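Visitor: Take this structure first; my questions come after.
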Amino acid sequence: MGLPRIEHLGIAVRGLEEANALFERLFDHAPYKTERVEREGVSTSFFRLGDTKIELLESTKPESAIGKFIEKRGEGIHHIAFAVDDIRAEMARLRERGFKLLHEQPVPGADGKIICFLHPKSTNGVLVELCQDAEAS
Ligand code: CMX
């Protein structure tokens, strides 16, 4: 139980293609995948860094979470995602401890995960994501 490690950091960007090129120059390697997630209104790319990852997120519609975030706050770190072994058990634990969960049940996320977000207003202004391999659920 608990949040054993950071699975990825999510960074909101205005343009995925330009950001991919910039982060490729920074990391000296290319993203291992790009993926569109319709239900979240985003296009994403993932860079592997040791046993963690960086996810770049571009909005595909203005009313998406990333679209609103960039409009209000500009580009930058959007969320921290923690890998969990049993997402339903973690959701129950965190709910019981007073955190505000944005989902009743885990939902499909990018990169083969099931996910749940915690409202940033209940976590000192940081959007927290829990994620578990979908195939392990
Ligand atoms: N980190 C910190 N604060 C955030 C935030 C973020 N990522 N996103 C929004 N906020 C803040 C806003 O700044 C605003 O604060 P103030 O009231 O102080 O101005 C407040 O939360 C409300 O923001 P809003 O723009 O009115 O947006 P909503 O309330 O409609 O939605 C949230 C906020 C977090 C509930 C919504 O963004 C959400 O459901 N997020 C989870 C889903 C998501 O982020 N999907 C994209 C990633 C998908 C992926 O990883 O593949």
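The values are calculated or read from the model by the stated rules, or taken from the named source; none is laboratory data. Just so it is clear, the structure is predicted and the values come from calculations on it, not from any experiment. So basically every Cβ, Gly included, is an ideal-geometry build from the backbone, and we count neighbours across all protein chains shown. Areas reflect the complete protein model, heavy atoms only, side chains present, ligands, DNA and RNA absent. Shrake-Rupley method; radii C 1.70, N 1.55, O 1.52, S 1.80 Å.
Visitor: Taking only protein heavy atoms and a 1.4 Å probe, what accessible area per residue, in Å², does the chain have with all protein chains in place?
Guide: Normalised by residue count, the accessible surface of the chain is 57 Å².
Visitor: A further question on this structure: How many nm is it between the label spots at Glu63 and Glu96, if each spot is 7 Å from the Cα in line with the beta carbon?
Guide: Taking the simple label geometry, Glu63 and Glu96 are separated by 3.8 nm.
Visitor: Moving on to the next point. Where the accessible area of region 1-69 is counted over protein heavy atoms with a 1.4 Å probe, how much of it, in %, is carbon and sulfur?
Guide: 53 percent
Visitor: List the trypsin sites (Lys or Arg not before Pro) in region 1-110 that DSSP assigns to loop (not H, G, I, E or B) and whose Cβ has at most 14 other Cβ atoms within 10 Å. Which are they?
Guide: Answer by residue number: Arg14, Arg97, Lys100.
Visitor: Of all GluC sites (Glu not before Pro) in region 62-115, which ones are in loop regions per DSSP and have a Cβ with at most 10 other Cβ atoms within 10 Å?
Guide: Those satisfying the criteria are Glu63, Glu104.
Visitor: Taking the full set of protein chains and a 1.4 angstrom probe, give the accessible area of His78 in square angstrom, rounded to the nearest 10.
Guide: 30 Å²
Visitor: Still on this model: Show me the chymotrypsin sites (Phe, Trp or Tyr not before Pro) within region 1-36 that DSSP assigns to loop and that have at most 12 other Cβ atoms within 10 Å of their Cβ.
Guide: Passing sites in region 1-36 are Tyr32.
Visitor: Continuing with this model, one more query. If I model a spin label at His29 and Ala89 as a point 7 Å from the Cα along the Cα→Cβ vector, what separation in nanometres do I get?
Guide: 3.1 nm
Visitor: At 7 Å along Cα-to-Cβ for each site, give me the label-to-label distance between His103 and Arg5 in nm.
Guide: 2.2 nm
Visitor: Taking every eigenvalue of the Cα gyration tensor of region 1-103, multiplying by 5 and rooting it, what semi-axes result, largest first, whole Å?
Guide: 26, 18, 11
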